[in-house]
Structures are given as C-alpha cells and as structure tokens.
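Colleague: Quick one: this structure, given as structure tokens, is what I'll be asking you about.
The values are calculated or read from the model by the stated rules, or taken from the named source; none is laboratory data. Please read all numbers here as calculations on a predicted model, not as lab measurements. Cβ placement follows ideal geometry from the backbone for every residue including glycine, while neighbour counts extend to all protein chains displayed.
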Protein chains: 2
Amino acid sequence: MTRTQDLMRRRARLLGEKSQLFYQEPVELVRGEGVWVYDAEGGKFLDAYNNVAHVGHCHPHVVEALCRQAAALNTHTRYLHTAILDYVERLTATFDDGLASAIMVCTGSEANDIALRMAQAASGGMGIIATNATYHGNTTAVSQLSTRMPPIGGHAAHVRLVNSPDSYRHAEDRVDGRRFAEEVRRAIASLDAEGIRLSGLILCPLLANEGFPTLPPGYFNEAIEAVREAGGLVIADEVQAGFGRCGSHFWGHQRAGFTPDIATLGKPMGNGHPVAGVVTTPKILATFRDAFRYFNTFGGNPVSCVVASAVLDVLEEEQLADNARSVGAAALEMMRPLAERYDCIGEVRGFGLFFGAEIVADRNTREAAPDLAEAIVNEMRQRGVLIGKTGIYGNVLKFRPPMPFSVDHARLATETLGQALGVVAK
Amino acid sequence: MTRTQDLMRRRARLLGEKSQLFYQEPVELVRGEGVWVYDAEGGKFLDAYNNVAHVGHCHPHVVEALCRQAAALNTHTRYLHTAILDYVERLTATFDDGLASAIMVCTGSEANDIALRMAQAASGGMGIIATNATYHGNTTAVSQLSTRMPPIGGHAAHVRLVNSPDSYRHAEDRVDGRRFAEEVRRAIASLDAEGIRLSGLILCPLLANEGFPTLPPGYFNEAIEAVREAGGLVIADEVQAGFGRCGSHFWGHQRAGFTPDIATLGKPMGNGHPVAGVVTTPKILATFRDAFRYFNTFGGNPVSCVVASAVLDVLEEEQLADNARSVGAAALEMMRPLAERYDCIGEVRGFGLFFGAEIVADRNTREAAPDLAEAIVNEMRQRGVLIGKTGIYGNVLKFRPPMPFSVDHARLATETLGQALGVVAK
C-alpha cells in the first residue's frame with residue numbers, strides 16, 4: 001500500500017468515504033511558500049488555483065502578525081479591543097460611500113447566512129434570487145441556494161434560482177443584461193404569485209462558479225433595478241471576486257459597475273486564517289441587529305483582525321492588484337494561441353488573476369466537455385501545476401492563483417496547459 | 001471623552017449600536033496570560049468566565065504550534081494532510097465506541113448546523129426538540145432553537161422548545177427525569193399531530209445556558225428513550241460541557257450518563273483559534289454525506305488541527321480535568337458560606353470548573369433576581385474579577401474560568417464575590 005492509499009483509507013474511516021479530494025491522484029501537501037506548494041516526497045507544484053493563500057502561502061508578514069497577536073491576546077468582542085475597530089475602518093474605506101460598517105465572522109458561509117437575514121430584516125420579505133449554477137456556502141440556509149442536492153425537507157419555497165448568464169453560448173449576454181433582467185423579473189413575479197415578498201438578489205459579481213462569463217459593463221444594472229423596485233436588496237458575494245483579484249478594481253462589484261447593499265467576504269481575507277465578514281450600511285446593520293440578536297464568539301477576535309489587516313498591508317506594499325491586472329492580461333495572451341491549436345478550447349477568458357478556458361466537444365454546437373476538462377486538470381497536476389474547473393457545465397478550466405503570481409509563473413502554467421492538451425486532447 | 005467612550009463610539013459607528021459588550025463599564029483588554037487578562041491602563045483581571053482560552057490565555061505550547069504550522073502550510077482538506085487525520089484519531093479516541101468519525105468546521109454554530117442536518121438525514125424527519133432556555137448558535141437554522149427573537153419568517157414549524165429542567169424550583173428534577181421526559185413526549189406528540197417526523201433532541205449535557213441544574217445521574221435517559229423510540233437522534237452540544245470542563249469526565253454526556261449519536265464541539269477546542277467539530281458514527285456521517293454534499297474551506301485546515309492537538313497536549317500534560325474536579329469542588333466549599341450570610345443566594349451549585357449561584361429576591365418563593373445578579377457581576381468587574389450570568393431567568397452567576405484555575409484563584413474569586421455581595425446585596 002502506498003502512502004497515498006494509506007492516507008486515503010484513514011481519511012475514509014475518520015472523515016467519511018465521500019469526503020472530497022482533488023485529482024485522480026490526490027496530492028499530499030506538507031509545505032507552502034509564495035505560489036509554490038510541496039508534497040511529502042519533495043515534489044513541487046505551482047499553485048494556480050488557491051485564492052485562500054491570497055498574498056502567497058505562508059507570507060512572512062502575515063505569519064508574523066498572527067504569532068505576535070496570538071501570543072498577546074485572543075478573545076471575543078464582548079470586550080473592547082482596537083484591532084477590530086482599526087480593521088473595519090480600514091476595510092470599509094475600500095468600499096463606496098455608505099458601506100461603512102461590518103460584522104466579522106469566521107467563514108464566507110457565515111457571512112452569507114447573515115447577509116440573507118439582513119436582506120430579510122431590511123425588506124421585510126423572505127424571497128431570494130440566485131443563479132442556478134452558484135455556490136454561496138454550506139449552512140442550512142445558504143445551501144438552499146445551491147442546486148447540487150435537494151435538502152431533506154425539500155427546496156425552500158422562498159428561493160428562486162434563475163438561469164445564469166452565459167456569454168459563450170448566448171451572444172446577447174455579450175451585449176447587455178436584458179436576458180438576465182428578464183430572468184430576474186420572472187423570478188420576482190413567481191415569488192409574488194405565491195405571496196412571497198422579495199428580500200433580494202445574491203450574486204458573485206464575477207459569476208465565478210458560473211464560469212466567469214465575459215459580460216459588458218453595467219450588465220447587472222437592469223436586473224438590480226428590478227430587484228430594488230420590488231423592495232429587494234442586492235448582496236455581492238465577494239468571497240472569490242474581492243481583495244483585488246480582478247486587477248482593475250479592489251472589489252468585483254466595482255468592476256461590474258454596481259454598488260451592493262451588502263457585500264460578503266471570505267476565503268482570501270485572512271490568507272488561510274478563518275476570518276470572514278459582512279459589509280453594509282449602518283442603517284441595514286442596525287435593522288439586522290434589531291431583528292436578530294447576533295453574536296459570534298470567534299468572529300472579529302484580535303488575532304483574526306490583525307491577520308486580516310496584515311493581508312491588506314501586503315496587498316498594498318506589493319501592489320498585488322496591479323500585479324493581478326498585468327499578469328492576468330499576459331496570461332490570457334499566452335493562452336490564446338492554444339485555442340488556435342486545439343479545437344477543444346472554445347474560448348479563453350478572464351480578468352486579473354481569474355482566468356481560464358471553455359473546454360468543448362464541438363466548437364459549433366459549443367457542447368461542453370467536462371470529462372475532457374477533468375482530464376486536462378489531472379494531467380496538469382501530474383505535470384506539477386494545480387488548477388481546477390468550474391462553470392455551469394463543469395467544463396471551464398479555472399486558474400485562480402495566489403496574487404504574487406508572476407508572468408513567469410503564468411508562462412509555466414500555460415506551457416504546462418499546452419503539454420497537457422498535447423496528451424489528452426484529440 | 002475617556003478612551004472607553006471613544007472606543008464605544010467608534011464601535012457603535014463601525015459595528016452597530018447594538019453590538020454587545022459585557023459590563024456597565026466595558027473592559028478594554030490588551031493582553032492575556034493564563035487565567036489573567038490586562039486592560040489598556042495596566043489593570044489586571046482574574047478571568048473567571050472565559051472557556052475559549054480553555055488551557056489559559058496565550059498558552060505558549062498552543063501559540064508555538066500555531067506559529068510553527070502557519071509558517072509551514074495552511075490549506076484546505078481537498079489535499080491530503082496528516083494533521084486532520086492525526087487529530088480526528090486522537091479526538092475520537094476520547095469518545096465512547098462508535099463515535100469514531102468527524103467533520104471539522106470553524107465554529108460551534110457551524111457544528112450544530114451540520115448536526116441538525118445529520119439528524120435529518122439519519123431519521124428522514126425534520127422535527128427537532130430543544131429546551132426553552134438554550135442557545136446553540138447563530139446560523140439561520142440553529143438560531144431557530146433560540147427563544148430570544150422570533151425570526152422574520154416566523155418560528156419554524158419543525159421546532160419544539162420544551163420547558164427546561166430546573167432543579168432549584170422543581171424538587172422532582174432532583175430525583176429523576178420523569179418531568180423532562182414528559183415534556184419531550186409531549187413535544188413528539190405535538191410534532192406527530194402536525195405530521196412532522198422527529199429528527200432528534202439537542203441538548204447541552206450540563207444544561208449550561210439553562211443554569212446548570214443539579215440533576216441525578218441518568219436524568220436524561222427516559223427522554224432519550226422516547227426520542228429513540230420515535231426514530232430520533234440525540235445531539236450532545238459539548239461546546240460548553242466538553243474538554244474536561246466538568247472535571248469528572250472528559251465529555252459532559254459521559255458525566256450525564258448517556259451516549260449521544262452526534263456530539264458537537266466548539267469554543268475551547270482551539271484555545272481561541274476558530275476551530276470546531278462534529279463527532280458521530282461512521283454510519284451517520286455517511287448518511288449525511290450522501291444527503292448533503294458538504295465542504296468547509298477553512299474547516300480542518302492543518303493550522304487548526306495542529307492547534308487543537310496542542311490543546312489536547314496541554315490538557316493531558318497539565319492534568320487539567322483533574323484540576324477542574326478538585327478546584328471546582330474547593331470553589332463550591334468556599335462559596336457555600338456566602339449562602340449562609342446572604343439571603344439573596346438561593347443555591348450554590350456546579351461541577352468542575354463550571355459553578356455559580358442562584359440569585360433570588362426571596363428564598364421562599366425562589367423568585368429570580370436578574371437585576372441583582374447583574375449588579376453583582378458588575379461589582380465584581382470593578383473589583384477585578386470577570387464572571388457572567390446565565391439561566392432560565394438570567395439570574396444565575398456563572399463562573400467558567402480557563403482550566404488552569406487554581407485553589408488560590410478560586411479563593412480570590414469567592415472572596416471578591418463576598419465583597420461584591422457586601423456592597424450590592426441587602
């Protein structure tokens with residue numbers, strides 16, 4: 001029995017047979033540094049996937065902040081502490097006017113669970129709209145927005161999942177947001193028909209799980225107008241889109257050209273430390289606090305806040321949003337020639353350090369090829385580059401590396417993609 | 001404007017007017033060490049309340065483990081890593097046979113949110129029973145178990161909150177669990193009458209929020225039998241009760257004399273680091289994983305697991321469960337004479353390092369005096385000892401210190417209680 005088989009058996013026994021692992025041949029990681037991760041046998045992988053290690057694996061400035069504060073004090077927010085105040089002040093300064101207050105929690109799921117209740121409190125309604133190819137988290141309430149599995153008690157009556165934009169298959173989505181606005185209006189009418197008042201619309205501004213389609217500026221505005229007319233709020237899930245990832249803007253909603261009522265933050269916020277948050281207006285926050293008393297023991301503890309602040313330091317000092325813009329653009333340029341060589345690449349697209357390619361069985365019909373995408377991902381893993389796949393049909397290669405990803409790293413990643421295509425593509 | 005006022009204003013602006021603080025005069029903490037915490041002006045407080053810093057504030061062994069692993073690798077569980085396997089193996093070894101697998105998450109709320117769905121998956125039902133004075137967490141689903149605030153969408157039809165045991169006011173609760181079993185059977189019948197199948201009963205085995213009544217061994221067994229006969233599962237919420245807190249046993253359910261189907265863990269698990277978990281049988285875990293795909297990005301990351309394991313090291317090396325037993329017993333002995341001096345102390349009770357006193361307006365009627373309890377808590381804070389209050393009527397003084405609490409610390413705490421009573425009690 002190999003070491004990997006042994007670990008997988010222990011895992012199945014201790015964590016359940018169906019605990020999820022990446023790759024046909026899973027990777028055992030033991031060390032990370034910058035954009036590199038290392039396995040137990042000294043193997044080295046270029047991490048072109050993980051946005052959790054946002055400013056690079058084990059960034060010394062972040063680790064130092066963590067150790068310093070953990071040695072001084074870690075407690076909850078029922079005592080006064082400057083760390084949470086300094087951080088929330090600094091964080092909200094990156095948002096547009098009005099989004100000036102926050103609740104700190106531990107996971108993006110907790111953040112979205114709160115955001116849904118904020119929208120309920122502010123609107124007085126329960127109805128919520130999301131896309132049919134999204135994922136916003138794992139709590140009971142939030143996982144109602146996922147199409148993956150019907151819950152035991154059945155799908156909640158107040159949820160409407162609308163067809164996602166798909167710029168690759170619907171030319172009109174590359175022009176304007178009318179198709180999506182129509183979907184949203186239909187959902188509002190459908191809730192209305194059942195006497196369910198709208199609370200809001202929740203969206204990743206990049207539509208990351210939907211395959212990050214190429215949408216024109218202002219695409220969501222007509223849909224958002226319909227939501228607001230019906231008394232609903234707009235929640236921007238910035239868990240994947242935020243903290244400079246898209247290069248051109250610090251937040252995904254800024255790039256998409258709208259201001260949400262509520263923004264939720266997660267994964268990259270603490271570079272791996274479990275910290276997340278909900279940013280909103282003081283008025284919405286007050287309404288939420290009146291309607292639902294809320295306290296989170298670990299949320300906003302001094303260690304989490306100091307760590308999250310250190311992540312902002314690094315983003316600024318190393319100008320990582322600028323880096324995401326220039327390297328992301330270079331990566332797309334390096335990847336495009338592959339689309340000329342391989343018919344299975346239907347489209348290359350992305351923005352900043354979030355990019356990838358549609359893998360298709362047929363360029364004319366645009367039929368998705370998720371199995372081929374899976375094979376490419378696995379072949380790249382064998383060749384030392386970690387990526388993933390996503391999208392409505394699970395066929396979109398997903399590159400979402402730590403932010404200090406350089407042009408050289410992008411070259412290695414796209415060259416390796418070329419080699420993998422040479423092996424697995426017809 | 002004092003520094004405290006300034007911080008409170010910033011806090012109201014950034015975190016909301018109703019963000020909760022302890023004490024009439026809130027404390028700004030800047031440093032913690034063992035059972036001591038320090039404020040910004042050099043003031044020193046005996047921490048007789050916080051179970052998050054379970055093995056003592058900033059325990060060097062735990063901080064060292066945190067720093068070591070954070071500098072090496074922090075990633076998610078879709079890659080193999082030995083830390084989670086070693087920890088879950090070690091953790092489940094402290095449970096009775098059968099409870100041999102786990103899911104790692106970040107907060108007790110996340111743990112209970114999963115536990116409710118595990119019970120749903122294993123039973124096929126939705127109905128859930130809890131006490132009417134409990135608190136199990138802050139997600140949308142879990143906060144349905146709290147009586148504090150009616151949610152916007154109304155109380156869920158599948159929840160039944162039964163009258164809590166109260167050994168101080170109901171003599172029969174000191175004899176056996178018939179009164180509680182009757183409550184639970186009525187709740188099952190009420191769910192049944194509405195066609196709602198039972199999923200389970202969720203309980204803190206110490207009934208910590210209910211005021212930690214003095215119940216005889218086996219108190220819950222008749223109720224549990226009724227739950228199991230109706231096809232339901234038993235969830236032990238060990239967030240307050242676990243990790244040796246009660247002194248006599250490592251887990252609260254072991255002390256109470258029952259084996260749950262699911263145990264949830266939180267606050268003390270990582271000594272402040274956001275880590276929590278759900279322990280159950282491999283069969284229930286498999287059923288849950290089949291019914292609900294679940295993945296938690298931060299849950300079970302190597303840093304969390306190494307930190308949680310370091311907490312177990314300290315509990316063993318410093319024999320802190322034994323300490324909880326002996327110091328807890330000594331503390332009760334020191335506190336009892338106060339009940340002879342002050343009529344407002346209706347009863348002194350507890351187990352291990354979880355103890356306190358019923359504060360009453362009248363010993364004969366046993367009328368609760370929450371305002372007087374509040375005044376005592378505030379007076380003790382002014383005198384440098386941090387405690388809290390809890391219970392069905394919010395009138396029970398709550399001492400729940402870090403586990404390295406010594407007899408000297410207990411003496412200081414009870415002497416300070418005596419002084420506070422001298423000031424505020426009639």
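Colleague: Just a yes or no: is a residue in the range A:92-108 within 8 Å of chain B (Cβ to nearest Cβ), closer than 30 Å to A:Ile387 by Cβ and assigned to a helix (DSSP H, G or I)?
Modeller: yes
Rundown of residues vs (1) crowded, with 16+ Cβ neighbours inside 10 Å; (2) under 30 Å from B:Gly266 (Cβ atoms); (3) small (Gly, Ala, Ser), yes/no style:
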position: A:Asp6; (1), (2), (3): no, no, no
position: A:Leu14; (1), (2), (3): yes, yes, no
position: A:Leu46; (1), (2), (3): yes, no, no
position: A:Pro60; (1), (2), (3): no, no, no
position: A:Tyr87; (1), (2), (3): yes, yes, no
position: A:Asp96; (1), (2), (3): no, no, no
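Colleague: To continue, here is another question. Filter the range A:38-52 down to residues that are facing chain B (nearest Cβ under 7 Å) and not β-branched (Val, Ile, Thr), then give me how many there are.
Modeller: The total comes to 1.
Colleague: Here are some conditions: (1) among the polar types (S, T, N, Q); (2) surrounded by fewer than 24 Cβ atoms within 10 Å (Cβ to Cβ); (3) touching a helix residue (DSSP H, G or I) at 6+ places or on another chain (Cβ under 9 Å); (4) more than 7 Å from chain A (Cβ to nearest Cβ). B:Thr75 meets all but one. Which one does it not meet?
Modeller: (4)
Colleague: Another question about this same structure. Collect the residues in the range A:64-114 that are within 23 Å of A:His136 (Cβ to Cβ), of a type in the set (Gly, Ala, Ser) and touching a Pro at 6+ places or on another chain (Cβ under 8 Å), keeping them in residue-number order.
Modeller: A:Ser101
Colleague: When you scan the range B:378-400, do you find a residue that is in contact with a Cys (Cβ under 8 Å, 6 or more places away or on another chain), among the aliphatic types (A, V, I, L, M) and assigned by TED's automatic domain parsing to the domain that holds B:Tyr38, even just one?
Modeller: no
Colleague: Something else now. Which one of B:Val62, B:Val35 is touching a residue at least 40 places away in the same chain (Cβ under 8 Å), facing another protein chain (nearest Cβ under 10 Å) and within 18 Å of B:Pro401 (Cβ to Cβ)?
Modeller: One residue alone meets the criteria, B:Val62.
Colleague: Is at least one residue of the range B:187-199 touching a Pro at 6+ places or on another chain (Cβ under 6 Å) and surrounded by fewer than 24 Cβ atoms within 10 Å (Cβ to Cβ)?
Modeller: Looking for residues that are touching a Pro at 6+ places or on another chain (Cβ under 6 Å) and surrounded by fewer than 24 Cβ atoms within 10 Å (Cβ to Cβ), one finds none in the range B:187-199, hence no.
Colleague: Within the range A:148-170, does at least one residue satisfy the condition of being assigned by TED's automatic domain parsing to the domain that holds A:Ala291, within 17 Å of the chain's Cα centre (by Cα), assigned to a helix (DSSP H, G or I) and not basic (Lys, Arg)?
Modeller: no
Colleague: For residues that are of a type outside the set (A, V, I, L, M) and not in a helix (DSSP H, G or I), tally how many sit in the range B:171-197.
Modeller: So the count comes out to 5.
Colleague: Turning to a different aspect of this structure: Taking the range B:264-287, which residues are within 14 Å of A:Gly16 (Cα to Cα) and at the interface with another protein chain (Cβ under 8 Å from one of its Cβ atoms)?
Modeller: Scanning the range B:264-287 gives B:Pro282, B:Leu285, B:Ala286.
Colleague: Take the range B:252-276 and flag every residue that is within 24 Å of A:Pro274 (Cβ to Cβ) and either assigned to a loop (DSSP other than H, G, I, E, B) or not assigned by TED's automatic domain parsing to the domain that holds B:Glu64 (or both).
Modeller: Result: B:Gly266, B:Gly272, B:Pro274, B:Val275.
Colleague: Go through (1) in the same structural domain as A:Tyr23 (by TED's automatic domain parsing); (2) farther than 30 Å from A:Pro26 by Cα; (3) of a type outside the set (Lys, Arg); (4) touching a Lys or Arg at 6+ places or on another chain (Cβ under 9 Å) and name the single condition A:Asp290 misses.
Modeller: Checking A:Asp290 against (1) in the same structural domain as A:Tyr23 (by TED's automatic domain parsing); (2) farther than 30 Å from A:Pro26 by Cα; (3) of a type outside the set (Lys, Arg); (4) touching a Lys or Arg at 6+ places or on another chain (Cβ under 9 Å), the one that fails is (1).
Colleague: Quick check on the range B:278-287. Is at least one of its residues within 17 Å of the chain's Cα centre (by Cα) and either in a loop (DSSP other than H, G, I, E, B) or in the same structural domain as B:Asp96 (by TED's automatic domain parsing) (or both)?
Modeller: Within the range B:278-287, one or more residues are within 17 Å of the chain's Cα centre (by Cα) and either in a loop (DSSP other than H, G, I, E, B) or in the same structural domain as B:Asp96 (by TED's automatic domain parsing) (or both).
Condition check ((1) within 8 Å of another protein chain (Cβ to nearest Cβ); (2) over 21 Å from A:Ala83 (Cβ atoms); (3) touching a Phe, Trp or Tyr at 6+ places or on another chain (Cβ under 7 Å); (4) not aromatic (Phe, Trp, Tyr)) across all residues:
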| residue | (1), (2), (3), (4) |
| --- | --- |
| B:Arg9 | no, no, no, yes |
| B:Leu66 | yes, no, no, yes |
| B:Ala70 | yes, no, no, yes |
| B:Arg90 | no, yes, no, yes |
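Colleague: Determine, yes or no, whether B:Thr131 is facing another protein chain (nearest Cβ under 9 Å) and hydroxyl-bearing (Ser, Thr, Tyr).
Modeller: Against the criterion (facing another protein chain (nearest Cβ under 9 Å) and hydroxyl-bearing (Ser, Thr, Tyr)), B:Thr131 does not qualify.
Colleague: Let me ask another. Hey, could you check the range A:11-32 for residues that are more than 7 Å from chain B (Cβ to nearest Cβ) and in contact (Cβ under 8 Å) with a residue 40 or more places away in the chain and say which is nearest to the chain's Cα centre (by Cα)?
Modeller: A:Tyr23
Colleague: Let me ask you something else. Looking for whichever is of a type in the set (A, V, I, L, M, F, W, C) and either facing chain B (nearest Cβ under 8 Å) or over 18 Å from B:Ser19 (Cα atoms) (or both) here; the options are A:Ala115, A:Ala111, A:Ala83, A:Ala119. Which one fits?
Modeller: Every option except A:Ala119 fails the conditions.
Colleague: Separate question: Please go through (1) hydroxyl-bearing (Ser, Thr, Tyr); (2) in a helix (DSSP H, G or I); (3) touching a residue at least 60 places away in the same chain (Cβ under 8 Å) for A:Thr214 and return the number of the only condition it doesn't satisfy.
Modeller: The single condition A:Thr214 does not satisfy is (2).
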